[in-house]
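Asks: What follows is a structure written as structure tokens; I'll ask about it next.
The values are calculated or read from the model by the stated rules, or taken from the named source; none is laboratory data. This structure is a prediction, so every number in the text was calculated from the model and none was measured. Cβ coordinates were reconstructed from backbone atoms using ideal geometry, including for glycine residues, and neighbour counts include every protein chain displayed.
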Amino acid sequence: MAGETFLEMMVAIVLLGTVVVGVLGGFMTVTTTSIFNRQVTQSSLLAQSYAEQLKQPTGADAYVACAHISDYPGYAGPIPAGWTVEIEKIEYLQGITDDINHNMGPFCPPPIGTSPPRDNGLQRIFIRAYNQAYNDRPNKADVVERVVIMKRDQRCSATSPGPGSC
């Protein structure tokens with residue numbers, strides 16, 4: 001009788017241990033997923049907010065012809081500690097192939113003769129937001145939100161951006 005009680009106790013302990021490990025594993029998964037989702041949401045919010053700021057046609061965020069990344073102001077909103085919100089790159093309208101397709105390139109179109117580089121009035125701006133401290137942790141997915149906007153020079157014709165329209 002004493003051996004059966006001991007055996008029953010051992011089986012009960014093993015079963016309870018298995019259940020506890022499973023429940024703790026579930027809690028760990030929920031916590032990790034929650035932290036990841038918070039990072040994704042924060043990066044999306046920051047990138048979208050900066051995109052909205054850069055879309056402004058006037059003031060400090062107005063269109064800058066042949067702009068370099070440093071020509072546009074940084075994100076004006078509050079940035080939580082550890083986060084980076086930046087312009088990753090800018091592409092410039094090179095020409096128009098048809099009504100739908102616009103050739104974009106990494107440099108302002110070359111000058112004609114001795115004139116300065118010409119800006120055709122349309123830029124594609126790539127924005128990214130990320131938390132480097134979170135991304136440096138081992139065994140996790142990086143969280144980087146990228147947003148792409150098109151910025152048009154308000155002085156250019158809205159119906160025909162391109163060479164000679166500005």
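Condition check ((1) under 29 Å from Ala133 (Cβ atoms); (2) in contact with a Cys (Cβ under 6 Å, 6 or more places away or on another chain); (3) in a strand (DSSP E or B); (4) modelled with pLDDT under 90) across all residues:
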position: Gly22; (1), (2), (3), (4): no, no, no, no
position: Ile35; (1), (2), (3), (4): yes, no, no, yes
position: Gln39; (1), (2), (3), (4): yes, no, no, yes
position: Ala65; (1), (2), (3), (4): no, no, no, yes
position: Gly74; (1), (2), (3), (4): yes, no, no, no
position: Met104; (1), (2), (3), (4): no, no, yes, yes
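Residue-wise test of (1) of a type in the set (Phe, Trp, Tyr); (2) more than 17 Å from Asp153 (Cβ to Cβ); (3) touching a residue at least 40 places away in the same chain (Cβ under 8 Å).
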site: Thr18; (1), (2), (3): no, yes, no
site: Gly22; (1), (2), (3): no, yes, no
site: Thr33; (1), (2), (3): no, yes, no
site: Thr41; (1), (2), (3): no, yes, no
site: Tyr50; (1), (2), (3): yes, yes, yes
site: Leu54; (1), (2), (3): no, no, yes
site: Asp61; (1), (2), (3): no, no, no
site: Ser70; (1), (2), (3): no, yes, no
